[in-house]
Structure formats: C-alpha cells, structure tokens
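First comes the structure, then the notes that go with it.
The values are calculated or read from the model by the stated rules, or taken from the named source; none is laboratory data. Predicted, not measured: the structure shown is a model, and the values here were computed from it. All Cβ positions, even for glycine, are placed from backbone atoms using ideal geometry, and neighbour counts span all protein chains on display. Just so you know, the surface numbers come from the protein's heavy atoms only, side chains and all, with ligands and any DNA or RNA stripped out. Shrake-Rupley method; radii C 1.70, N 1.55, O 1.52, S 1.80 Å.
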Amino acid sequence: MNTDERTTPICLTIAGLDPSGGAGTIADVKTFFAFGCYPAAAIASITYQNTQGVYGATHQSAEELRSQVEPILNDLEVSAVKTGMLPTAEIIEETARLISENDLHNVVIDPVVRSTSGFDLIDGAALKRLIEMLFPLADIVTPNAQEAERISGVALLSEPDIVAAANIMFGMGAKAVLIKGGHLRHGSSAVDHLLLGGEHHRIDAPYYDTTSTHGTGCTLAAAIAANLAKGKTMLDAVRISKDFVNEAIRTAPKIGKGNSPINIQPIERSG
Ligand code: PXL
C-alpha cells in the first residue's frame, strides 16, 4: 500500500547533531522511524562527541536554522515537532517564531541543559529565553530531575517537591510536565512523574543499573512526539514512550568505550 501524510505522520526534530549517533537528531530520527513516522530534522548545533564525552560544538545562526526549517514546512504536513539541544537565545527565538508562524501542533520541548558527561549544552541566558518563549508553546515539557530543579528552583527531594516544581512550570506556560526521575528512584523502579490536567500520574519502570543510557532523554521526547502525531492521548503517548525507552535500555548494545547508546528498534507492526 502506498503511504502518505495521513498514514505516515511526519515528525520534525529541531535539535543538536551528535555525529556518533547516540543522542540528538540521529536518536530522534531513529525513534520517529521506529514508530512508523516519517522523520524530518533540522540541526541547531553540530556537536563534536562520542560515547565518552562532548568536545565542543558549532551552533547554527537563526538564519541558518530558518533556512533549514522553512522549506520543510512549505512542503510537508508536519504533525508533531520535538525540540532538543537549542544552545543560544537566537536559535530559541527563531524556533519559537517558526512554531507559532506555522501553527505547529503536538509540540514536545525537551529542555536539554547538560550532557551526561557534564558538557553544558545551553547557557543560562538562553535557558531563560527557552522558558519564556518555548514553554508557552509546549504541549509537554520533559525535563529530567536535574533540569527541573534548575528551571523551577525547587530541590526535588520528595513527591511534593515534584508537584511544586511542575506547578511552577505550568505557571511558565507548559500544558503538561513530565519530570524524569531516573535517580529519584524508589527501590528497584525508576518513576517518571507526568502532571497533566490536574492529575499526577506515576509512570513506573524497572531501574537498570547501567551506563548504556546515551540518548535516553532525546529518545523519550521523540517517542512522545511520534505517538502524539499518531493521534494518541498525552497519557498513552508518555506510557508507550517510557516502555519503549525502557526496552531500549534493557537491550542496549555495548557500543563505544563510554556511555553506550540505547537500542532504538522498530516496534512490531500489526499489519
Ligand atoms: O542528552 C542530551 C543531548 C541532547 N542533544 C545532543 C546531545 C546530548 C547529550 O550529549 O549531544 C546533541
């Protein structure tokens, strides 16, 4: 059967390129494809890295970003957009303009602050712009616990802290907040907290004590975008995405000498 934009929703990522393939746009593209979506990708920054660390980056200008995104939006019917590493205020402002001018839906904002290896992927002033300009456009924001602490100013020591941090992010304009609590774990499970429409959903998964986690955050946010593009509700999209990432961590290969990328594989198609 031929496919088109109705049967194969198009998902756009605006994020950083990890040329070693573990995180950023390559993880996003693999994830969109894994869920049967058609991937489009614009690069906000070219990073220099491998599984052992991030060694630097060359950021795109606002004009370079627009030059990548405009032809895509002029031609393709984009059903969801995911943002990742947006390193500068000018890139963030341009991304916000592109989303609003084109009335893009199913907007997933992953507020990437730092790589696992400790490299800053955004500066403080840019993070402030990201909160001001992109949170109000976001259907969901997906900070990890550390990012949530930096954004909200609340130290996340207990569940009430998580709710307080999420409420601050609702005040910043986000429509749903997913706080990923890999290290806020309860015994042997890793719990993510989805706050949505006045409800608090605890999304539970087994915790794996592994260093094979490179690209986890990017993959989760991209999977949520893909599932929203396919028409899933936010709660289902988050649950499906968490299971997908969990399986990708469980079955991660050992690639490279550092933090191995997770195992992003197509989900089984039912027909
Ligand atoms: O996982 C955060 C992240 C996002 N985007 C890019 C990255 C990283 C971490 O290394 O390199 C491009």
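General observations
- Share, in percent, of DSSP beta bridges within the chain that are antiparallel, nearest 5: 50 percent
- About the Cα centre, charge dipole magnitude for the chain (Lys/Arg +1, Asp/Glu -1 at Cβ), debye: 740 debye
- Our coupling estimate for the stretch 39-50, obtained by passing each phi through the Karplus curve with A = 6.51, B = -1.76, C = 1.60 and θ = phi - 60°, is x, 10, 9, 10, 9, 8, 7, 9, 9, 10, 7, 9 Hz, Gly and Pro reported as x.
- Entry note, the chain: the mean residue ellipticity at 222 nm calculated from DSSP H runs of n ≥ 4, each adding -39500 (n - 2.57), is -11500 deg cm²/dmol after division by the residues and rounding to the nearest 500.
- When Rg and the Kirkwood radius Rh are both evaluated on Cα atoms of the stretch 8-250, their ratio Rg/Rh stands at 0.93.
- Remark: the Gln52-Glu199 segment gains 49.0 nm on full extension, using 0.36 nm per residue and subtracting the alpha carbon distance.
- For the stretch 1-155, a crude dipole built from +1 on the beta carbon of Lys and Arg and -1 on the beta carbon of Asp and Glu, taken about the Cα centre, is about 420 debye to the nearest 20.
- Euclidean distance of C-alpha centroids, the stretch 225-241 and the stretch 37-76, integer Å: 24 Å
- The portion of the accessible surface of the chain made up by carbon and sulfur, rounded to a whole percent, is 51 (1.4 Å probe; DNA, RNA and ligands excluded).
- Ala176 long-range amide H proximity, modeled H, under 5 Å: Ile140, Val141
- In order along the stretch 110-119, the Karplus-derived 3J(HN,Hα) couplings, from 6.51 cos²θ - 1.76 cosθ + 1.60 at θ = phi - 60°, round to 9, x, 5, 10, 8, 6, 3, 7, x, 8 Hz, and Gly and Pro are given as x.
- Cross-link pairs Lys175/Lys257; Lys128/Lys180; Lys180/Lys254; Lys175/Lys254; Lys128/Lys242 - those with Cα-Cα distance over 32 Å: Lys175/Lys257; Lys175/Lys254
- Max mean-square fluctuation residue, GNM over the chain, Cα-Cα springs under 10 Å, options Phe32, Phe135, Phe170: Phe170
- Taking amide H atoms as placed 1.01 Å from N in the peptide plane, the amide H of Thr51 lies under 5 Å from those of Lys257, Gly258, each 5 or more residues away in sequence or on another chain.
- Residues of the stretch 232-256 with amide N under 19 Å of a point placed 7 Å along Cα→Cβ from Asp209: 249-252
- Charge dipole (debye, nearest 20) of the stretch 113-271; +1 at Cβ of Lys and Arg, -1 at Cβ of Asp and Glu: 360 debye
- Using a cutoff of 8 angstrom between alpha carbon atoms and counting only pairs six or more residues apart, the relative contact order for the stretch 95-211 works out to 19 percent.
- HN-Hα J in Hz across the stretch 69-74 - Karplus 6.51, -1.76, 1.60, θ = phi - 60°, x for Gly and Pro: 7, 4, x, 5, 6, 6
- Options Leu195, Val29, Gln68, ranked by Cα towards positive dipole end of the stretch 8-250, top entry (Cβ charges): Leu195
- Surface exposure of the chain, expressed per residue as accessible area with a 1.4 Å probe, stands at 44 Å².
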